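Working notes, structure below.
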Amino acid sequence: MRTVIGLEVHAQLLTKTKLFCSCSAAYFGAPPNAHTCPVCLGMPGALPVLNERAVEYALKAALALHCEIPARSVFARKNYFYPDLPKGYQISQYEEPLALRGYLELPTGKRVRIRRLHLEEDAGKLLHRPEGYSLVDLNRAGVPLIEIVSEPDLSSPEEARLYMEELRRVLRYLGVCSGDMEEGSLRCDANVSVSPDERLGTKTEIKNMNSFRAIEEALKFEVARQRALVEKGHPIEQATLTWNEALGRTELMRSKEEAEDYRYFPEPDLVPLQIDDAWRERVKRSLPELPAQKRARWMQEYKLPEYDISVLTDERSVAEYFESVVGLYPHPKDVSNWMMSEILRLLKESQTMEIALKPEHFARVLEMVSSGQINRTVAKDVIAESFKTGKAPDEIVRARGLSQISDEQALAEIVAKVLAENPKAVADFQSGKEAAIGFLQGQVMKATGGKADPKKTREMLLQRLRAT
Amino acid sequence: MITREDVLHIAKLARLQLSEEQIALFQEQLGKILGYFQELEKLDTSSVPPMTHVLDLSNVLRPDEPRPSLSVEEALRNAPRSREGYFEVPRIVEKT
Ligand SMILES: [Zn+2]
């Protein structure tokens, strides 16, 4: 049976102000209704004026998604009554959206077509109180959104998740959306149908999926539900469903008979938007290298495994950090290994977005390891300390006396002492239990605080053990 | 022709409660308005682009610079009910 999924994504743009007024768009954590004015409160006579940066950001997203930009687009009123919408209509775009016909390339290489991308304003927030009333906060009312509608090109719940992850990655690379799904900065609705043949089945719409996992789980549930019905020969009812995360199932929000009647018409308070070639080209030139391009280039240039590339290109700042380090220490796989094991862990623990360790400091540590000045265990400590304090690796090594002991004489004394203190292990080795050397080596490491050169230690131990 | 059901549907979308007299009145008036449009539809407008605005203007934009908002007190001043800085409205169960 064939599964057909299309996604409708809403992404909040990272502008300072709202889409049609100069109120701050930073609604998160603000006191209720502290960011409102006559425009976003929907007071009669107040006129909206379009935010230039919101247009710029929407264009960036549209061009990154390879969309066509019509010469002109028009805003429209979408009418419905709900207390989170003070004007009684949402300003959106309908017949003439900002962008049309693009695509997003997934890491699998599949291209998912984008039908349209348009600008619209967000609604306010409602708090439902058990005492029998609801509270309205209009700080979010008027915050700029882009709506990105895909064609029904996705053929499984996994693919829908991949699409959403890649779209988030692109928007974050562009710096136009934070991509935070839990806070609602990035939201997703899905249309899903199944069909035993090439014809399209009746679709249902799923709302309220607040994480990548929720998207995949909700779609899996819904696909299974529809398949079971189709297999039994029952019809699928067109409906809007909501994902109940706690119960792990989709639930009916409304059936088709109650579907909304939005009575769209052109917004008379806003003049058309015209994007000429010059504007479009200027925005196009400002686009950074996008995740798909970066992955392809890294494959060629650094010959890294696919897994390394996917991990290190996930965040633009991490990818750029990797490239700065490789610029200083040109051993990509080495840098990749250290980044995936140490740097990303420290980044996560630091709970910030930026890697605090300077690329030149990181490169210096890797040089010190490769020249044998410090061993890997010490290198981890130096990285952690430099990450935390910003101190140069050489300074840390010097201050803590961490330089690897490869000086023959110093090492020879310690080896001799360890052999003298561990007669049993020595006897074991000499009676043929070669594994005993591991224990002795560990003792040398312990005595030197991990600073002994492992290779030299082993050589020296073998030499002494065989000599006696 | 506008039916009684059309009038009731439009009234429902606009959250209006109409009396029987009003339903009859609006059925007649809306019917007339539609009639005028049917008259206009006789014209061949295939070569005339749709006019969305009277003014020949485009790209009226403003820079993305925050300006002071109203105080919460001012924002809530016209609200019939408010509470803890919020507008208070009758309980909303589900978006319809
Ligand atoms: Zn405002």
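What's the number of the only condition in (1) out of contact with any Pro (no Cβ under 9 Å at 6 or more places or on another chain); (2) open to solvent by less than 20 Å² (accessible area, probe 1.4 Å) that A:A34 fails to meet?
With (1) out of contact with any Pro (no Cβ under 9 Å at 6 or more places or on another chain); (2) open to solvent by less than 20 Å² (accessible area, probe 1.4 Å) applied to A:A34, the lone miss is (2).
Would you confirm whether any residue within region A:55-66 is within 11 Å of chain B (Cβ to nearest Cβ), within 9 Å of the ligand (Cβ to nearest atom) and either of a type outside the set (V, I, T) or within 19 Å of A:S92 (Cβ to Cβ) (or both)?
no
Considering region A:64-102 alone, what residues qualify as being in contact with a Ser or Thr (Cβ under 9 Å, 6 or more places away or on another chain) and outside any loop (DSSP other than H, G, I, E, B)?
A:R72, A:F75, A:A76, A:R77, A:K78, A:Q93, A:A99
When you scan region A:325-340, do you find a residue that is in contact with a helix residue (DSSP H, G or I) (Cβ under 8 Å, 6 or more places away or on another chain) and either within 17 Å of A:R169 (Cβ to Cβ) or outside the structural domain of A:T389 (by TED's automatic domain parsing) (or both), even just one?
Looking through region A:325-340, none of the residues is in contact with a helix residue (DSSP H, G or I) (Cβ under 8 Å, 6 or more places away or on another chain) and either within 17 Å of A:R169 (Cβ to Cβ) or outside the structural domain of A:T389 (by TED's automatic domain parsing) (or both).
Looking only at residues that are aliphatic (A, V, I, L, M) and more than 27 Å from the chain's Cα centre (by Cα) in region A:85-125, which one is modelled with the lowest pLDDT?
If we take residues in region A:85-125 being aliphatic (A, V, I, L, M) and more than 27 Å from the chain's Cα centre (by Cα), then A:L85 is modelled with the lowest pLDDT.
Being among the hydrophobic types (A, V, I, L, M, F, W, C), out of contact with any strand residue (DSSP E or B) (no Cβ under 7 Å at 6 or more places or on another chain) and open to solvent by less than 20 Å² (accessible area, probe 1.4 Å), is that true of even one residue in region A:178-197?
Looking for residues that are among the hydrophobic types (A, V, I, L, M, F, W, C), out of contact with any strand residue (DSSP E or B) (no Cβ under 7 Å at 6 or more places or on another chain) and open to solvent by less than 20 Å² (accessible area, probe 1.4 Å), one finds at least one in region A:178-197, hence yes.
May I ask you to verify whether A:D84 is more than 14 Å from chain B (Cβ to nearest Cβ), acidic (D, E) and within 16 Å of the ligand (Cβ to nearest atom)?
Criteria not met by A:D84.
What is the number of the single condition among (1) open to solvent by 10 Å² or more (accessible area, probe 1.4 Å); (2) modelled with pLDDT under 95; (3) not in a loop (DSSP other than H, G, I, E, B) that A:S134 does not meet?
Condition (1) is where A:S134 drops out.
State yes or no: is A:S324 among the hydroxyl-bearing types (S, T, Y), farther than 30 Å from A:R345 by Cβ and surrounded by fewer than 18 Cβ atoms within 10 Å (Cβ to Cβ)?
Judged against the criteria, A:S324 is not a match.
Exactly one of these conditions fails for A:K433: (1) open to solvent by less than 50 Å² (accessible area, probe 1.4 Å); (2) over 18 Å from A:W338 (Cα atoms). Give me its number.
Only one criterion is unmet by A:K433, namely (1).
Restricting to region A:105-150, name every residue that is of a type in the set (S, T, N, Q) and within 14 Å of another protein chain (Cβ to nearest Cβ).
A:S134, A:N139 - these are the residues of region A:105-150 that are of a type in the set (S, T, N, Q) and within 14 Å of another protein chain (Cβ to nearest Cβ).
Does at least one position in region A:28-36 carry a residue that is within 9 Å of the ligand (Cβ to nearest atom), within 21 Å of B:F87 (Cα to Cα) and modelled with pLDDT of 95 or more?
The answer is yes; a qualifying residue exists.
Consider A:Y27 against the criteria (1) at the interface with another protein chain (Cβ under 10 Å from one of its Cβ atoms); (2) within 25 Å of the chain's Cα centre (by Cα); (3) within 14 Å of A:G124 (Cβ to Cβ): it satisfies all of them except one. Which criterion is unmet?
(1)
The values are calculated or read from the model by the stated rules, or taken from the named source; none is laboratory data. Bear in mind that the values here come from a model prediction, so they are computed numbers and not experimental data. We place every Cβ from the backbone using ideal geometry, glycine too, and count neighbours over all the protein chains shown. SASA here: full protein model, heavy atoms, side chains in, ligands and nucleic acids out. Shrake-Rupley method; radii C 1.70, N 1.55, O 1.52, S 1.80 Å.
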